Amino acid sequence: MAVQDIMPTWVGATAKQIARGVRRGDVTATQVVADHLDHIARVDADLAAFRTVRGGEAITEAEKVDEQEDLANLPLAGVPVAVKENTPVAGLPTWNGSAAVRTPVAEADHEVVRRLRGAGAVILGVTRMPELGLWGLTDDETAVTRNPWDTRRTPGGSSGGAAAAVAAGLVPIAHGNDGLGSIRIPAACCGLVGLKPGRGVVPCQLGADDWFGLTEHGMLTSTVADAAVGFSVLAGRRPDKLVPPQRLRVGVSLRSPVRGVHADAPNRDAVAAAGRLLAGAGHDTVPADPVYPTALGLQGIATWFAAAAADVRAAGVDRRGLQRRSRRHVALGEWAQRRGYVREADRAAWRERSIGFFADHSVDLLLTPALATAPPEAGGWSGRSWRANMLANVRYAPFAAPWNIAGLPALVVPVGRRPDGLPVAVQLIGPPGSELLLLGVAGQFEMQAPWSRHAPGYPRIPAPV
């Protein structure tokens, strides 16, 4: 039975269901896109997930998909997709989180956008992010992006709009990028699967220098199967069928990379629950704490500062037009670079140590909390002080950044709910080249303990007439 036989619209279907329906002729890409545009028009005023919606343009692109004769070779045939607003989409300005750093209308798609279109996806628009992608809190002077699970909470950042869009069913999958956790943090906030590929697997080409090589493109999805298809498209590969991994040895750590910041009880319980799921899938778990050197934290913070300064210089932006929090961040980045605190040698040493961790502890993967606390409240962060933003970010999301510095693949997967009803997630990290292994383990989690694919009350599908 086709999805359309049991649903009044295709809103809420997975990317794989939509692509299969379009390829088989159960539905047209034009109808799927129209359904999702209608849903966005009804819902996004409450969430502010999108910066720009490409209504007529998206319908035209969907019609072109329907006219193609090789639909069988399109893994995302007719699938509506959103792109994060710091990644060029032909015909749109690249906002980068605020009008102050917006660049002119792009003449050509970024390579990852080109790959999505080449796979048959239709770009519905661009999703909101904090200014320069610096924060795990998504808002600016024009709108506050909200978490569909609880609109009083942030969806995280910097791919906050992308996460809100998928969690509310505005699109089945959304593009994001991750410089210090910007895919995994919002995925954890919104109950989604979020994969940061390892270094060099997907072309980055963002800003001045990809945040000194820390940034990767990826997808936010509501299922592991969609995550696997999205990853293969961005990586320029044919989709691989996920195979459940045979017996693995997984290290488990609650140790925080930030001294004095620890996972709260729900996040610790999530790691325990994930350990039980691993055991249920036939894997072994052992305690294995990475040693996070003090120099790593200093290097990570200095690089975070300097990346902002480099992007502002490259864009020729007058930093006086930036938000107060961003101005301070950029100024500290210039200072850090002058003082020589941004060192490739330090990043390379941590990468070497991180790769060696798996051999030293005889483990295949590492399991950690995804977040330390519940997502902070939404609203007003773009107008608050730099110090307030820094403290909020570090206190709730300390676990992601080390793996960008190491350049290792890392994935966030939901494993349950907090007592307040918000989703809770864990992070899995692997050695270079382990993206499919991470997805395979996430698939075993999904099989044993399926999660709610969308926030309660979403997608808001109108009753049949």
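The values are calculated or read from the model by the stated rules, or taken from the named source; none is laboratory data. The structure presented is a predicted model; accordingly, all values stated were derived computationally and were not measured. Counting neighbours? That spans all protein chains shown, and the Cβs are built from the backbone with ideal geometry, glycine included. Side chains included, ligands, DNA and RNA excluded: accessible areas come from the protein's heavy atoms. Shrake-Rupley method; radii C 1.70, N 1.55, O 1.52, S 1.80 Å.
Keeping the other protein chains in place, figure out the carbon and sulfur percent of the accessible area of the chain, with a 1.4 Å probe. Looking at the chain in its full context, I get 51 percent from C and S. Under the combined filter of DSSP loop state and at most 15 neighbouring Cβ atoms within 10 Å, region 157-247 retains these trypsin sites (Lys or Arg not before Pro): ARG237, LYS241, ARG247.
Before I look further, what does region 230-369 give for accessible area per residue, probe 1.4 Å, in whole square angstrom?
Values: 7180 Å² over 140 residues.
For region 230-369, the per-residue accessible area is 51 Å².
Annotation: per residue accessible area for region 23-111 equals 42 Å², rounded to a whole number [probe 1.4 Å, protein chains only]. Solvent-accessible surface (1.4 Å probe) assigned to ARG249 amounts to roughly 90 Å². Considering only beta bridges that DSSP places wholly inside the chain, some 65 percent are antiparallel. Mean residue ellipticity at 222 nm, helices only, the chain: -12000 deg cm²/dmol; runs of at least 4 DSSP H residues each add -39,500 (n - 2.57), and the sum is divided by the number of residues. Normalising the average separation of contacting C-alpha pairs (under 8 angstrom, six or more residues apart) by the number of residues puts the relative contact order of the chain at 18 percent.
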